[in-house]
Amino acid sequence: MTERLDYIGKRIARKDGPEKVTGRAQYTVDIRLPGMLVGRILRSPHPHARILNIDTSRAERLPGVKAIVTSKDTSGAMHGFVETPRYPPDQYLLATERVRYIGEEVAAVAANDPYVAEEALSLIEVDYEPLPAVFDPEEAMRPGAPEIHPTHPKIKEPYSNVAGKTETRWGDIEKGFSESDYVREDRFESHLRTHGYLEPQATVASYEGGKLNVWTSSQGPFIKRAKLAQTLRLPFSGVRVHKAYVGGAFGGKVDLFSHEYCASLLSMKAGCPVKFVATREEIFTAYRHGQPLIVEIKTGVKKDGTLVAQQYRVINNCGGYRGSGVVVIFLAWGYMMPPYRFPHLKYEGYAVYTNNPVRAPQRGHGCPQIRFAVESHLDIIAEEIGVDPTEIRLKNARKPGEQLPNGDNVHNYGLMECIKKAAKHTDFQKKYGKSRAASPPGERLRRGIGMGVSSYMSGSLIYPNSSSAVVKMNDDGSVSLLTGALDIGQGAETILCQIVAEELKVPIEEIQVIAADTETTPVDIGSWISANAYVSGNATRMAAAEVRKKLLDIAAEELEANVEDLVLEDKTIYVVGSPARKLTFEKLVAASIQKRHGDPIIGEGHWRAMRDVPFHPSLATTQGRWSENYASDAQVAEVEVEMETGQVRLLRAVTVHDCGFPINPLLIEGQVDGQVSMALGHALLEEVLMEEGRTLNPSFLDYRMPSTHHMARSECVEVITESYETGQAYRTKEVGEGLVSGILAAIANAIYDAVGVRLYSTPFTPEKILRGLGKIE
């Protein structure tokens, strides 16, 4: 059998490309069902208030209104991004007794058309008693601050409004600092951004004959089914989530949202399908944005730059409910840990309730924020002790095979090679520091170069923890792949087809994909935690390998040959050295049905993240294994700064990354370019402006996202640390989230290299640069 790769590692066009470019792809907003009603949600105008009474009688009498629901219709159902014994659900699907942020859902209406629905909302009378509110997380932590929720009972410090805490340590932190030659403390802050998905939040729900059918713009159908079944008190078999194309998510569509629940409940009450599509203003004002973090770092180093001790205090503003706040303070530790080794650590992370909208994962989920802080801090230390920025990173970078303090192993970890290649590819050491040293006074434009490093996990234990796949042969020798994986733009269906094609040597166009339907496809972990290529991919490989084995066994019997002497090629199996002795897949399927008790040749595959670990790690203590695979990268930014205006332009972004091996280099390049663009927006343009819980710029007209004229030259260099062999499990590494992080830090470091202004908060605005230059006060 041959080991040449015909499909893996090839630049194959997206499987869903023709559907999308021809407009045939059906998104949730495109779904039309007979008799479908329009759903709308009434939201709180107050950041914090007690609900005294809700009167829906006038709205109920309005012609065209078919159903109205409030908290009394929800049976007290609650939900949360995290639902564990330590962190049980803390948010009602519709507000009960109190509202805790502007835009919180209070009631929902289903009507014949949007005009009637909007009028009905205006007729619902809600009596509120405003309560004191608090919006800054550090103010909310102070004793005596307005109580949004009681502080978690496990928190022993005298803080208010603490939703959860992550705390861990290793070594002896005080000893580490005492043994250090240089100790430095810094504080970094990141700001509020939105995901910027083009397709708004949208759901269609149809309850008929005891069955709830749902189409929703999401990141995985199985977690949505589980949450809807639990909150609506339905059996899992009573909820079907159908496949719909997704117009972007970036972490913002993982969890259950109130509109999904309300559309379902309204359909159950009205007896008709209900469609809800959020307006862009609603998304900006009431939906979940990313996680702003405050990061305080204290580091001790030796004279040669060797890291000795690090101490972190991280504060997250998680909004009116816990959301993913207790996850991001855990992840901040997780993204701090892999790149560099240091023998002594103390880490404390706090998720804090405020009267702001709830927060959610956003591409990287805390990694950009923590790497901006760490990599900026490291550059400052390097300059203070006179060590080159590249050398301090190489001196402390983890090597292949290192064991992490939590018990994970980095295996074939390519970080050192990434740093070396990034420095060489960009002539980093020749360029760094030259602009500040050589630029004459009054020069209008200055250029700088900076580096950032990050590392990201590839799959972990989060519901549903595993993926399964079914590969079945058809009578004509073509193949069907059944997978629960949802393609949200990352190319999931394409790479899974490539794996099937490689295992069976079947052309991509001969593989039909049935995907992301809880009724007709097997369970899948979902398009988040960067698990698709590794977890869903290995499940698909196992299913295809089982089909491959069956085909070879039948061919060996029919051709009177040894399995070892057979070759698969283009829907055919032949004997090596005797290509005329061959059988088509079509004939092999017929032979299997005839001689193997009707078996049409079906293979199953199952893959679980962290296969040998029973439970996910503790969010509170970090104890326990987290991930089997760690991607790594070094990114370099070259910027130009206009000295009179403070405007920054990203000229060049170089990404050198260890993705294991590239299943599809074309898709990888798209992921890299997309993350560079997103980091550019994070660094220079994007910000959700809020004042006392109210969004001030609730549209794309006022929220500045990168456009074509902002784009930089993006270069991608791969470091190959793994390999793909047919019939064998593989370790590929994520490429869809981690590369948004190092480049953010690289931009900050490049600005400093250009003009000598160190920035401690995002975004990197002209005002901050001019203030640093002493040109404005």
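The values are calculated or read from the model by the stated rules, or taken from the named source; none is laboratory data. Please read all numbers here as calculations on a predicted model, not as lab measurements. Because the Cβ atoms are built from the backbone with ideal geometry, glycine has one as well, and the counts that use them run over all protein chains shown. Please note that ligands, DNA and RNA were not included when accessible areas were found on the heavy atoms of the full protein model with its side chains. Shrake-Rupley method; radii C 1.70, N 1.55, O 1.52, S 1.80 Å.
Pairs from the list LYS549/LYS595; LYS505/LYS549; LYS175/LYS302; LYS253/LYS472 with a Cα-Cα gap above 22 Å: LYS253/LYS472. Taking every alpha-carbon pair within the range 543-699, the share separated by more than 27 Å comes to 63 percent.
Kirkwood hydrodynamic radius of the range 161-204, from the reciprocal of the average inverse Cα-Cα distance over all distinct pairs: 16.4 Å. Taking a span of 24 Å or more along the helix axis (Cα atoms) and a mean Kyte-Doolittle hydropathy of at least 0.0 as the rule, the DSSP H helices of the chain that qualify are 367-385. For the range 144-259, DSSP calls about 65 percent of its internal beta bridges antiparallel.
Taking only the alpha-carbon positions of the range 101-227 and ignoring solvent, what does the Debye formula give for the base-10 log of I(q)/I(0) at q = 0.13, 0.21 Å⁻¹? Listed by q, the Debye log ratios stand at -1.03, -1.28. In terms of distances greater than 26 angstrom between alpha carbons, the cross-link table entries LYS298/LYS775; LYS20/LYS211; LYS154/LYS733; LYS72/LYS165; LYS346/LYS399 yield LYS298/LYS775; LYS20/LYS211; LYS154/LYS733; LYS72/LYS165. One way to sum up the overall shape of the range 338-394 is the equivalent ellipsoid from its Cα gyration tensor, whose semi-axes run 30, 13, 12 Å, largest first.
Computed 3J(HN,Hα) for the range 771-777, one whole-Hz value per residue from the Karplus formula 6.51 cos²θ - 1.76 cosθ + 1.60 where θ = phi - 60°, is 5, x, 7, x, 8, 9, 9, glycine and proline marked x.
In whole Å, what is the distance between the alpha-carbon centres of the range 321-378 and the range 580-645? Their Cα centres are 26 Å away from one another. When only alpha carbons of the range 479-625 are considered, Rg and Dmax amount to 18.2, 64 Å. For the range 711-776, the solvent-accessible area of protein heavy atoms averages 33 Å² per residue (probe radius 1.4 Å; ligands and nucleic acids excluded).
The C-alpha radius of gyration of the range 604-643, expressed as a fraction of 2.2 N^0.38 Å, stands at 2.15. For the pair SER723 and ARG32, a Förster radius of 51 Å applied to the C-beta separation gives a FRET efficiency near 0.60, rounded to the nearest 0.05. Taking every alpha-carbon pair under 8 Å whose residues sit at least 6 apart, the range 587-643 reaches a relative contact order of 18 percent. Over the chain, DSSP H runs of length four or greater, each weighted -39,500 (n - 2.57), average out per residue to a 222 nm ellipticity of -8000 deg cm²/dmol.
Extension gain for ARG58 to GLU443 (0.36 nm times residue separation, less C-alpha to C-alpha distance): 131.8 nm. Against the empirical 2.2 N^0.38 Å (N residues), the chain has a Cα radius of gyration ratio of 0.99. Other residues within the sphere of radius under 9 Å centred on the Cβ of GLU260, judged by their own Cβ, net out at +2 (K and R +1, D and E -1).
Report, in whole Å, the centroid distance computed from the Cα atoms of the range 64-113 and the range 698-758. Comparing the Cα centres of the range 64-113 and the range 698-758, I get a distance of 37 Å. Among the GluC sites (Glu not before Pro) in the range 674-740, those located in a DSSP loop and surrounded by at most 15 other Cβ atoms within 10 Å of their own Cβ are GLU692, GLU725. Over the range 205-260, the alpha carbon radius of gyration divided by the compact-protein estimate 2.2 N^0.38 Å works out to 1.08.
Give me the percent of the accessible area of the range 50-128 that comes from carbon and sulfur atoms, probe 1.4 Å, all protein chains in place. In the range 50-128, the share of accessible area belonging to carbon and sulfur is 46 percent.
Under conditions of 20 °C and 1.002 mPa s, the range 688-744 yields 132 µm² s⁻¹ as its translational diffusion coefficient, taking Rh as the Kirkwood radius over Cα pairs in the Stokes-Einstein equation. Convex hull volume of the C-alpha atoms in the range 551-636, normalised per residue: 217 Å³. The Cα atoms of the range 232-357 define a convex hull whose projected area, averaged across directions, is 11.8 nm². Across the chain, the relative contact order, built from alpha-carbon pairs under 8 Å that are at least six residues apart, equals 16 percent.
Of all DSSP-defined beta bridges confined to the chain, some 75% are antiparallel rather than parallel. Placing a pseudo-label 7 Å from each Cα along the Cα-to-Cβ vector at GLU569 and THR22 gives an inter-label distance of 3.2 nm.
Each principal axis of the Cα cloud of the range 329-482 was taken in turn, and the coordinate range along them, longest first, works out to 75, 48, 37 Å. With contacts taken as Cα pairs under 8 Å at a separation of at least 6 residues, the range 238-371 carries a relative contact order of 28 percent.
If you roll a 1.4 angstrom probe over the protein chains with everything in place, what fraction of the accessible area of the range 403-490 belongs to carbon and sulfur, to the nearest %? Roughly 51 percent of what the probe reaches on the range 403-490 is carbon or sulfur. By the Kirkwood approach, averaging reciprocal distances over each pair of separate Cα atoms, the range 622-704 gets a hydrodynamic radius of 16.3 Å. The alpha carbon convex hull volume per residue for the range 660-777 rounds to 170 Å³.
Keeping every protein chain present and rolling a 1.4 Å probe, give me the accessible area per residue for the range 436-529 in Å². Normalised by residue count, the accessible surface of the range 436-529 is 29 Å². In this rough spin-label picture, where each label sits 7 Å from Cα along the Cβ direction, the GLU519-ARG694 distance is 4.6 nm.
Relative to one another, the C-alpha centroids of the range 439-512 and the range 128-172 are positioned 39 Å apart.
Each Lys and Arg adds +1 at its Cβ and each Asp and Glu adds -1 at its Cβ; summed about the Cα centre, the chain shows a dipole of about 420 debye.
With the largest listed first and rounded to whole Å, the semi-axes of the equivalent ellipsoid of the range 6-145 from the Cα gyration tensor are 37, 28, 14.
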